[in-house]
Each structure stands twice: as structure tokens, then as C-alpha cells.
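One structure is given here, and the rest of the page talks about it.
The values are calculated or read from the model by the stated rules, or taken from the named source; none is laboratory data. On a predicted model such as this, the values are computed, not experimentally measured, just so you know. Here the Cβ is made from the backbone with ideal geometry for all residues, glycine too, and neighbour counts use every protein chain on show. Quick note on the areas: whole protein, heavy atoms, side chains included, nothing else; ligands and nucleic acids left out. Shrake-Rupley method; radii C 1.70, N 1.55, O 1.52, S 1.80 Å.
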Amino acid sequence: MARATSDVAVEVRGVGKRFGNLQVLADIDFSVATGTTVCILGPSGSGKSTLLRCINFLVRPDDGEVYLHGERVGMKNGTWMTERELCRYRVRMGMVFQHFNLWPHLTVLENVIEAPVHVLGRPRADTIEKARTLLDKVGLAEKQDVYPHTLSGGQKQRVAIARALATNPDVLLFDEPTSSLDPEIIGEVLSVMEGLSSEGMTMIVVTHEMSFAREAADSVIFMDAGRIVETAPPEAFFTRPATRRAQQFLQRYVR
Amino acid sequence: MNRDFLVVFAHYDQYLNGLWNTLWLSAATLVLASITGCILAALMLARPRAVRLPARWFVDAMRCVPFLLFAYLVYYGLPELSLQLDSWACGLLALVVYHTAYMAEIVRGAWTNLSREQIEAGRAFGFAGFPLFGRIILPQLFFASVPVIGNQSIYILKDTAFLMIITVPELTFAASAVQSTYFVPFASFVVAMLLYWLVTLGVEASVKRVEAAAEMRRG
């Protein structure tokens, strides 16, 4: 019982967002099953990043509802949650940013243990142990004591992924994780992400990497002008896109 | 002339006592004004105009006032408002209030330049309110403004000298007392200057060390 809700990690229902007069998101509906990877594709300015931020309420949606494992995010007994209450949900959704956003005043290891120790209150020694394992997994065990500014972009993003995993999140949110990387190091980040995806991590990935979406996604969401235009399994989406808009987009992006 | 210096050295205890008072007044001012400066900076960056504007006015007004005049106002003016404080309390109060304005401006500048993305990352990982400020924002503000804070500490150190006019027995007061008792102005003031200079060197050396640490921790 309650199987149906627990199998859905994230559910987004009718989400909309306006910035002033600009409708950046409208009628967004989708759900992400536990253990699956959903890629959100679409041209720049189509609202993908805002949508990701509406899921963990870094941006508060104007309409609609978001659920994490069946629990309503952002709203409690009909009123908005405070930032403090929201934190309990946000920490269950690890986030990876386009510009890494590592904390420059902390070493690599400190970046990874910061939230588990100081938000979740986990014991420091155990967390360090776990953080080392995660850094090892992203291939940066030997960098644990350096400060982020000494790392390359690809290394920073791999640390950022380790940081996002350190809280044992229910879902990972990726906001264009390779868009600010040099082409030759995009691969090292994508291979870490592919590994996570195949291990059954639940992931929502905003990306322009069509090959990643094709390989790793269980489902592709195509957005344009703040709306979902098409939702399909990757094979279907890339070989026979149903809408004219998706066809145009793919012609531009897939060579 | 040499005899003058001997007179001064014979009263080294007065100098040391004055130096000690100068040091703790400066340190206490630095710490307290940093705390109140952070709060004031937060008010200056607050959204509501009713909060932001008065904070801005206070900082601008305070930075236009000579410290000596402000110390006079606190020492001689507050009793008229039936607030009786001793010279120590008046001196410290004047220093802290005055330098709060400068600290607030320093912190506000660093805060505006702080990357909003790292703060967003803090929120995304479950930090909010005071933990967000204390663990994510404050350390970055500190490392970004170390050189300016070091400068400001030297201004604080020198402003403590004005407190002699409200009878706080700090270093300048001690030098002045020795010279007026024994009529050795040159020797007594030169020794005081050397002591200020030594303290400043100490401040600069520690700023340099912290600056090296800050260099590694900048984005």
C-alpha cells in the first residue's frame, strides 16, 4: 500500500511562475519515478533553470504544487513554509550548479561535509569518512585538502557532485552542469553522472548535452517558452519528435 | 636631551599602563564595531526603505564628523540627557559608535560584491537565517575585507589617542602627563610615537598573515 506515491520521488503539478509581467513557467506537470533520470531540454530562456529552482523552492512558484515522496514541498496547512522549514526539504534534494558554486573559503573536503554536519547534524568523523569515499568515487581523493580555486572546472564540478551526494539526497538536481566547461573536460563530468544514473540515483538534469540525454535519461522533457511541449522516452524523442518545435530544436542541436 | 629620555624611561610603568589601555580599547572597539558594523550593513542592504535609509544616513553622517568632536559630544553631551557614564564607558562608546559606521561601509561593500551564487548554494543545501550568515556569508566577507579591516584597525588605534581629552589614561594621556610633570615634551612624545609605531607594525604583520590565508580562500 501507498506504493504508488512512494515510487514517485518528485511530482510537479501545474507549476507556474511569473517575474513581473513575464510568465516564465506555466502549467508544468511531470513526475519522476524513484531511481530514474529525467532530462529537461529546451532552448535558452525556456524556463528550465527556473523550473529546477521551483522544485526546491529556491524560487517560490506562483501556482501549482511540488511533492517530494508524496510530501508537499513549500506549503504546510495552507500557508507558505518559512525558509527554515524549507531547509528540511532542500537538503533532501542535492543540487549541482552551472557555475559549481563551491564555497571558496572551505577546502574540498570541508565543502563536502558542510551540509551533512551543519544542517543534518551528522557526526563529523563518520561524515569525513563518507566524504572521502565520495571524493574517491569522483576521482578526486587526493584533492581533499585544497581550496576550490586551485581546481579546474571539471574538478570543481566533480567536487560539487560529491557535495550534492553527501547528504544522501532523495533526488539530485543538475542545472546545466557542463555548460561552463571546456568541451574536452565535459566528458569527465558526464561519465560521473552516467555512473550515478546507472546506479539508480534519482536525477533531474537540465542540460544541452543531447548525447547524455540519449544515453542516460529514462525520460526526456522538452520545454519551450515556459511550457512543456513534449515528454517522451529518449529514443522516441530523438528519432521521432512529435512536435514541430522539438523537430526544429533537434535540427539545431543534434548534428 | 639624554637626561630627558632617562626621565621618561624612569616612568616606564605609566607608559606601559597607557599602552595596555590603548591596546585593549582598540581591540574591544575592533571586535564590537565589527559586530555592530555587520548588523548595520545588513540594515543598509535590507529591502524596506524605512530600514535602509536611516542606516544609510547614520553611516554618511558619522563619517562626516571628526572623531574628537564626537567624543566631546558623548562625554559632555550625554550627561545633559541625564545619562551619566564614566570616562572609560564614554570613550569606548564613542569609539564603537563612530567606527561602526566605517565597519558597516566596509562590510556592505564586501557583501555587495559577494557572489550571489554561493549564497544560493548555501540555501540549496539547507542553510537559512543565522547559520547561512555565520557559515557561508560571514567567512567570505571576512576574507574579502581583511586588508581594509586591517587599515581600519590602525585608524581605531590612532583614534584612541583623542580619548585623553576626556581623561581616559591611554598612551597619549600617559605621555602628556609625564611631559607636563617633568617638562620633557620631545622625549615623552617621541617614545609614545615609537610605541604606536611598534603596535602598527604588529597589526600590519598579523594582517599580512591573515591576508595570505585569505588569498587561498578567495573565489
Average partner coverage of A:102-109, which counts Cβ from other chains inside 10 Å: 6
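First select every other residue whose beta carbon is under 12 angstrom from the beta carbon of B:THR172; then total the charges, Lys and Arg +1, Asp and Glu -1.
-1
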Using only the Cα atoms of the protein assembly as shown, each taken as one equal point scatterer with no solvent, compute I(q) by the Debye sum, divide by I(0), and report log10 of the ratio at q = 0.08, 0.11, 0.13, 0.14 Å⁻¹. -0.63, -0.93, -1.15, -1.27
Can you list, bin by bin at 5 Å, the percent of alpha carbon pairs in chain B, starting at 0? 1, 7, 12, 15, 16, 14, 12, 9, 6, 4, 2, 1, 1, 0
Using the Kirkwood formula on alpha carbons, the hydrodynamic radius of the stretch B:106-191 in angstrom works out to 16.3
Determine the residues within the stretch B:103-129 where the difference in accessible area between the chain on its own and the full set of protein chains amounts to at least 50 Å²; count protein heavy atoms only and use a 1.4 Å probe. B:GLU117, B:GLN118, B:GLU120, B:ARG123, B:ALA124, B:PHE125, B:GLY126, B:PHE127, B:ALA128
Net charge of Cβ neighbours under 12 Å - reference A:GLU129; Lys, Arg +1; Asp, Glu -1: +2
Two-site label geometry, B:ALA27 and B:ASP86: point separation in nm, points 7 Å out along Cα→Cβ: 2.0
Tell me, what % of the accessible area of the stretch B:2-218 is carbon and sulfur with a 1.4 angstrom probe? 69
Give the A-B buried accessible area in Å², both sides summed, 1.4 Å probe, nearest 100. 2300
Provide the per residue accessible area, probe 1.4 Å, for chain B, rounded to a whole number of square angstrom. 52
Across 10 Å bins from 0, what is the distribution of all Cα-Cα pair distances for chain A, in whole percents? 7, 30, 36, 21, 5, 0
Percent carbon-and-sulfur accessible area, the stretch A:87-131, ignoring ligands, DNA and RNA, probe 1.4 Å: 52
Between helix B:87-113 and chain B: long-axis angle, C-alpha atoms, 0 to 90°, nearest 10: 40
For A:LYS137, counting only lysines whose alpha-carbon sits under 21 Å away and dropping same-chain residues fewer than eight positions off, the answer is A:LYS156
What is the extension gain from B:LEU194 to B:ARG3, computed as 0.36 nm multiplied by their sequence separation minus the C-alpha to C-alpha distance, in nm to one decimal? 66.9 nm
Relative contact order for chain B using alpha-carbon pairs under 8 Å, separation at least 6, rounded to a whole percent? 32
